[in-house]
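Undergrad: I'd like to ask you about the structure that follows.
The values are calculated or read from the model by the stated rules, or taken from the named source; none is laboratory data. Values in this document were obtained by computation on a predicted structure and should not be read as measured data. Please note: Cβ atoms are built from the backbone with ideal geometry, for glycine as well, and neighbour counts cover all protein chains shown.
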């Protein structure tokens with residue numbers, strides 16, 4: 001499968017012969033170039049302009065914005081609601097985490113998670129091979145919190161999201177603070193992440209993706 005990042009919390013997950021998923025498409029007023037995407041499924045972690053712009057995605061057959069278990073186009077999706085810890089962040093709105101299962105290869109999108117979940121909540125996610133995790137603070141996890149969540153989930157691959165890359169109008173910190181929390185120096189960004197179950201390592205690896213609008 002291939003994972004491509006478009007900035008903030010927006011990714012496209014694609015696999016030959018299966019439905020294409022777009023997560024948290026952002027609106028036109030966030031300082032980033034307008035999205036021009038095509039996908040079969042859109043997931044929305046919560047109803048906010050940085051996460052809910054379904055109209056930016058063409059060809060959508062299904063929008064998932066509530067908890068449940070779904071099987072669409074060969075992709076099994078588990079959507080789990082987690083309300084903000086203090087009930088104040090994100091206006092007290094619940095946040096939805098999604099776990100995408102591609103024939104045993106699992107990708108968890110943590111949405112705007114803003115606190116370190118309990119062990120029981122982590123277990124509800126099941127085994128996670130790839131974690132797409134917010135690291136830039138704002139209304140979501142800080143760099144330090146993100147590192148703690150990763151230590152609980154223990155994924156094979158971590159892809160940071162929802163951090164400052166340049167022109168975003170959302171108040172966020174940059175990537176380096178998270179890398180420092182993880183004990184990592186410079187990481188060369190990739191245009192996308194291509195993987196199979198067979199090329200997953202035993203140690204957790206941080207993979208930095210270059211947002212599509214900045215790709216050369």
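Undergrad: Here are some conditions: (1) under 17 Å from residue 100 (Cα atoms); (2) touching a strand residue (DSSP E or B) at 6+ places or on another chain (Cβ under 9 Å); (3) at pLDDT 95 or above. Residue 54 meets all but one. Which one does it not meet?
TA: The single condition residue 54 does not satisfy is (1).
Undergrad: Among residues belonging to segment 192-212 that are more than 18 Å from residue 146 (Cβ to Cβ) and loosely packed, with under 15 Cβ neighbours inside 10 Å, point out the one that is modelled with the highest pLDDT.
TA: Among residues in segment 192-212 that are more than 18 Å from residue 146 (Cβ to Cβ) and loosely packed, with under 15 Cβ neighbours inside 10 Å, the one modelled with the highest pLDDT is 194.
Undergrad: Can you name the residue in segment 81-90 that is surrounded by fewer than 18 Cβ atoms within 10 Å (Cβ to Cβ) and not in a loop (DSSP other than H, G, I, E, B) and is also modelled with the lowest pLDDT among such residues?
TA: 89
Undergrad: A further question follows. So which of 155, 160 ends up being within 15 Å of the chain's Cα centre (by Cα) and closer than 27 Å to residue 33 by Cβ?
TA: 160
Undergrad: Something else about it: Looking at segment 183-205 only, could you name the residues that are more than 22 Å from residue 14 (Cβ to Cβ) and within 18 Å of the chain's Cα centre (by Cα)?
TA: Answer for segment 183-205, where residues must be more than 22 Å from residue 14 (Cβ to Cβ) and within 18 Å of the chain's Cα centre (by Cα): just 204.
Undergrad: Residue check, residue 137 against (1) touching a helix residue (DSSP H, G or I) at 6+ places or on another chain (Cβ under 9 Å); (2) in a loop (DSSP other than H, G, I, E, B); (3) in contact (Cβ under 8 Å) with a residue 40 or more places away in the chain; (4) crowded, with 20+ Cβ neighbours inside 10 Å, all met but one. Which one?
TA: Evaluating residue 137 over (1) touching a helix residue (DSSP H, G or I) at 6+ places or on another chain (Cβ under 9 Å); (2) in a loop (DSSP other than H, G, I, E, B); (3) in contact (Cβ under 8 Å) with a residue 40 or more places away in the chain; (4) crowded, with 20+ Cβ neighbours inside 10 Å leaves (3) as the failure.
Undergrad: Which residues, counting only those in segment 203-214, are closer than 14 Å to residue 131 by Cα and not in a loop (DSSP other than H, G, I, E, B)?
TA: If the condition is that a residue be closer than 14 Å to residue 131 by Cα and not in a loop (DSSP other than H, G, I, E, B), then 205, 206, 209 are the ones that fit.
Undergrad: Still on this model: Filter segment 154-176 down to the residues that are closer than 30 Å to residue 124 by Cβ and surrounded by 18 or more Cβ atoms within 10 Å (Cβ to Cβ) and list them by number.
TA: Within segment 154-176, 155, 156, 157, 158, 159, 160, 161, 162, 163, 170, 172, 175 meet the criteria.
Undergrad: Limited to segment 149-202, what total is found for residues that are out of contact with any helix residue (DSSP H, G or I) (no Cβ under 6 Å at 6 or more places or on another chain), outside any helix (DSSP H, G or I) and touching a residue at least 12 places away in the same chain (Cβ under 8 Å)?
TA: Number satisfying all stated conditions: 34.
Undergrad: Can you tell me which residue within segment 104-134, out of those that are in contact with a helix residue (DSSP H, G or I) (Cβ under 9 Å, 6 or more places away or on another chain), within 18 Å of residue 47 (Cα to Cα) and assigned to a loop (DSSP other than H, G, I, E, B), is modelled with the highest pLDDT?
TA: Here the residue is 110.
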